[in-house]
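Taking it in order: structure first as structure tokens, then the write-up.
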2 protein chains.
Amino acid sequence: MKARVTVMLKQGVLDPQGAAIGHALGTLGFEGVETVRQGKVIELELREDDPAKAEAQVTEMCEKLLANTVIESYRVELI
Amino acid sequence: MKARVTVMLKQGVLDPQGAAIGHALGTLGFEGVETVRQGKVIELELREDDPAKAEAQVTEMCEKLLANTVIESYRVELI
């Protein structure tokens, strides 16, 4: 079973990487870009076949390792 | 209009960050994790309202800046 975790900085947390991308797009001539936020995506291949158990396991991984829940939010999808 | 770009290393390209996450999950006691790949996600808020134009614009951004198409693949979604 495959899972995808998306980790983004929470709203209100400064995102210098996103700001740098936004600035670089501007210098390349892309107009009309209002805000840019950058995050991480982690794709996991799990041996677990039960979707509910797989999702619970990945959520625990997020809480313990994949996301810093003080400043980041995460989303788990099974794919 | 909002767009999400997901950039992943192509299959076959070594992903040391993903491997490090897989190793760390193992040391934390998570068994049953086969492979881990890490990528980037970039969320853009665009002034463009036409979905076709927005997608074309974001694809051009990927080709010029957001992805290194030699080693990375990208996916554009409008959200």
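Read the figures in this text as sums done on the coordinates, not as results from a lab. Only a predicted model underlies this, so the values are computations on that prediction, with no experimental measurement involved. Note that each Cβ is placed from the backbone with ideal geometry, even for glycine, and that neighbours are counted across all protein chains shown.
Counting other Cβ atoms within 10 Å of each Cβ, which trypsin sites (Lys or Arg not before Pro) in region B:7-60 have at most 15 and sit in a DSSP loop? Provide the component values of the computation, followed by the final result.
On the way: sites: B:Lys10, B:Arg37, B:Lys40, B:Arg47, B:Lys53; in loops: B:Lys10, B:Arg47.
Passing both the DSSP loop test and the Cβ count: B:Lys10, B:Arg47.
Could you please report the charge total around A:Val13, scoring K, R as +1 and D, E as -1 over all other residues with beta-carbon less than 11 angstrom from its beta-carbon?
Details: positive: A:Lys10, A:Arg37; negative: A:Asp15, A:Glu72.
Taking every Cβ under 11 Å from that of A:Val13, the sum is 0.
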Between B:Glu60 and B:His23, what is the label-to-label distance in nm when each label sits 7 Å out along the Cα-to-Cβ direction?
4.3 nm
Of every Cα-Cα pair in the protein assembly as shown, the percent that sits beyond 28 Å
25 percent
What is the angle, in °, between the Cα long axis of helix B:51-61 and the longest principal axis of the Cα atoms in chain B? Nearest 10 is fine, range 0 to 90.
60 degrees
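Determine the sum of side-chain charges near B:Glu63: Lys and Arg each +1, Asp and Glu each -1, restricted to other residues whose C-beta is under 14 angstrom from that of B:Glu63. Before the final figure, lay out each step's value.
On the way: positive: B:Lys64, B:Arg75; negative: B:Glu55, B:Glu60, B:Glu72.
Charge balance in the 14 Å sphere: -1.
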Percentage relative contact order, chain A, counting C-alpha pairs under 8 Å, at least six apart:
53 percent
On a C-alpha basis, how far is the centre of region A:1-43 from the centre of region B:34-59 in Å? Whole number, if you could?
9 Å
Local net charge near B:Glu43, Cβ-Cβ under 14 Å (Lys/Arg +1, Asp/Glu -1)
+3
Compute the angle between helix B:16-27 and the longest alpha-carbon principal axis of chain B, please, reported from 0 to 90 degrees and rounded to the nearest 10.
40 degrees
Could you sort out which of A:Lys10/B:Lys40; A:Lys40/B:Lys53; A:Lys40/A:Lys64 sit more than 18 Å apart by Cα distance in this structure?
A:Lys40/B:Lys53
From other protein chains only, count the Cβ atoms within 10 Å of every residue's Cβ in A:11-20, then give the mean.
1
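How crowded by other chains is A:38-51, given as the mean number of beta carbons from other chains within 10 Å of each beta carbon?
On the way: counts 8, 7, 6, 9, 8, 9, 12, 7, 7, 4, 3, 1, 0, 0.
Partner Cβ neighbours, averaged per residue: 6.
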Is there a simple number for the mean count of other chain Cβ atoms within 10 Å of the Cβ of residues in A:54-63, and what is it?
2
